[in-house]
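Read through the structure below, which is laid out as structure tokens, and then see the notes.
The values are calculated or read from the model by the stated rules, or taken from the named source; none is laboratory data. Bear in mind that the values here come from a model prediction, so they are computed numbers and not experimental data. Don't worry about glycine lacking a Cβ; one is built from the backbone with ideal geometry, like all the others, and counts go over all protein chains shown.
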Amino acid sequence: MPGDRSQRQLEFFVFISSAFAQTAGAADTQSTLMSMLPLVLMFVVLYFVMIRPQMKKAKEHKAMVEALAKGDEVVVAGGMLGKISKLGETHIGLEVAAGVEVQFQRSAVVQVLPKGSIK
């Protein structure tokens, strides 16, 4: 019988050590999730600080380019000012001086000026 008691104690210790091993695994999973939290937070901040404003600006630019009309006064990417004299699907004709017309891509238009800005 004395051997029976030591056998029970051995089984008890094995049971306890396996229980500790199981709780350590749960803590390890929680530790892994906590270590990924900063990465997820950085992505969320990056989205709201950089990606979302760029998408909004691109959407506004696209709407402006689609709304161009003949006679609008515009500024193109190179800084040239002119009045739209011809409209195509992808290009515009820009009158920069009397009798001088230059072709630009529609996407090169940066800003539409108020009427009468160019004299």
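Table for the structure above
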| quantity | calculated |
| --- | --- |
| Residue list for the stretch 75-84, filter: at pLDDT 95 or above and not hydrophobic (A, V, I, L, M, F, W, C) | Gly82, Lys83 |
| Residue in the stretch 97-118 that is β-branched (Val, Ile, Thr) and at pLDDT below 95 present | yes |
| Where Lys86 falls short, out of the listed (1) closer than 16 Å to Val110 by Cβ; (2) assigned by TED's automatic domain parsing to the domain that holds Lys115; (3) not hydrophobic (A, V, I, L, M, F, W, C) | (1) |
| Subset of the stretch 49-80 (residues that are under 16 Å from Pro114 (Cα atoms) and among the charged types (D, E, K, R)) | Lys70, Asp72, Glu73 |
